[in-house]
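Each reported figure results from applying straightforward, stated rules to the coordinates on display, with no laboratory input. Computed from a predicted structure; not experimentally measured. As a convention, Cβ positions derive from the backbone with ideal geometry for all residues, glycine included, and neighbour counts pool all protein chains shown.
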């Protein structure tokens, strides 16, 4: 009776909403009755609970919500996950007890859980429900922020969608993808307002190490319109085209062919494929919920002040320019230049690369004509020059290694090895990765010729002190820019050929299963460059330890003694686990400079690794007793790469039975060391 009355109320509510939708003309996006529970669920996710909590629910039947969790602010990621796991375990236990026939002396929670399922639910149904308990993070705060931000680009997006024959309703899609944050970057490497993967973005935009238009709200919106229109041509309907945004057009075409229908309700309910998981199955319904909420945000959030519309002017650069050149010539402050040109990436802002000729520089309104005249009359500054660049190898220290032995092996002096890595000769740790200078080569680079009275460099152009690297471990790097791209004033980072000796094979885990990509018809995309958001300092001066980092690194980047950081955090030993929060001392170095040095370190580590290896696919490994994070990484897979592919796992505290996604690596060149497979 309870579920019947709820269903009737939902029908009435959706019926009134349907009248509004019919009047607005979005019949292109049907809402079959079978998907109404999903739409209601995602509406709750977007409006009822913020990111400090969420819903414990059934993964298959989204109208079965066991509990809305609201946790206190300030919990660490580990503490938050522990609380969530505790509640999931609690409901699994209840469901298993009910499946075993418990019907007498039920607690209030047991009675409530039983009533969420149809009368007479079989033991098999309840036991299956115990295996399907899931947690969904709330999004109310992010959605409201997205509504506020969206005012800046709504007019451009609506106009762009119409120009490409795409329904205006799809302007709600960035609420699902990024909460309208143009700098959003996912663990999987999707970037920008529309969350394009690098491989897809390259089909529609300029994407490389210096210019990545996925982060440009205007350019990426044009690309999204073209991509959505293409998906519609391939799949035949807008519901399938929207789902293709997550699952791939080829995958959705196969789903329709397998079931003999294009009905999204049938496909969501009946299509089975290892790659058609929870996210793909719910993508269309989450879009519909976002569309409803974005149409009536005041109903859910109260009064909202949207950002003012923004229409910058565009100036196409006739030749390449450094950040210093643009600041001098245009007399524009760095923050304004950054705000309008999110497509320009870190190498440009720190003065290592030029904005290339042909780049569409965005400027505040009414500034393009004067800027164009100023740049046209400015003297040319980049010139070609032959420079000598030292190439290096990297070597992972093994137990029993000495500095003298490593130096002999690679035919370098001990002094060179110590200086290149800022080593303490008395402390050489197994697992540490050393940079070994090998040989000097000549290469052509672009060099800026500064004027006689050189201006003060921008704050962003910080020089990173050399840091002793530790084993490469993460995964957000992708294809690197061609060697012919221009490099700005400083010498480029050295090209690296990495040598990581293969570790002895270990006995394979009990269960290894090949994981499918989003769309089985497409290869797994390359990984993205290190995500700056991961390496930022929080408002209280804390950082979370990332793979490859030590307190020694922090001390060098900050210019303070290691003992100062140990005392500040009440530690006796400098070794700290991944994920631990540490308080830092910024008395010698500003936080912005620290962040840049930290980011550059990780970019260098990841660049070196992907100069040599590529990700050929992934495997699902079920851990056995005795398996460790370090054991997984011994197969040649860096810990940082494991961390990227398993963002929701605490890799420092793995347990038997846990599934870990392990990337399979293959050498890019014939002289790269081979890697054992199946860690």
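With each label point set 7 Å from Cα along the Cα-Cβ vector, what nm distance links residue 298 and residue 111?
4.3 nm
Run the numbers for residue 48 and residue 76: contour at 0.36 nm per residue of separation, minus the present Cα-Cα distance, in nm.
Separation in residues times 0.36 nm, less the Cα-Cα distance, equals 7.9 nm.
Going by how many other Cβ atoms sit within 10 Å of their own, how do 283, 135, 609 line up, fewest first?
135, 283, 609
Once a ≥ b ≥ c are taken as the square roots of the eigenvalues of the Cα gyration tensor of region 136-226, is the result rounded (a/c under 1.5), prolate (a/b larger than b/c) or oblate (a/b not larger than b/c)?
oblate
Residues in region 303-326, backbone N under 16 Å from the label point at residue 378 (7 Å along the Cα-to-beta-carbon vector): list them, ranges by number please.
314-326
What is the calculated FRET efficiency for residue 27 to residue 567, with r their C-beta to C-beta distance and R₀ = 41 Å, to the nearest 0.05?
0.05
Sort the following peptides by mean Cβ neighbour count (other Cβ atoms within 10 Å, averaged over residues), highest first: 393-405, 149-161.
149-161, 393-405
Grab the Cα-Cα distance for residue 121 and residue 164, subtract it from 0.36 nm times how many residues apart they are, and report the gain in nm with one decimal.
Stretched out fully, the residue 121 to residue 164 stretch lengthens by 10.5 nm.
For a quick protection proxy, order the peptides 168-175, 81-88 by their average other-Cβ count within 10 Å, most packed first.
168-175, 81-88
What order, most packed first, do the peptides 250-260, 200-210 have when packing is the mean number of other Cβ atoms within 10 Å of each residue? Spell out each step's value before the answer.
Working: 250-260: 18.2, 200-210: 20.3.
Answer by packing, highest mean first, reads 200-210, 250-260.
Obtain the nm distance between the two label points defined at residue 588 and residue 620 by a simple spin-label model: each point lies 7 Å from its Cα along the Cα-to-C-beta direction.
The two pseudo-label positions are separated by 4.9 nm.
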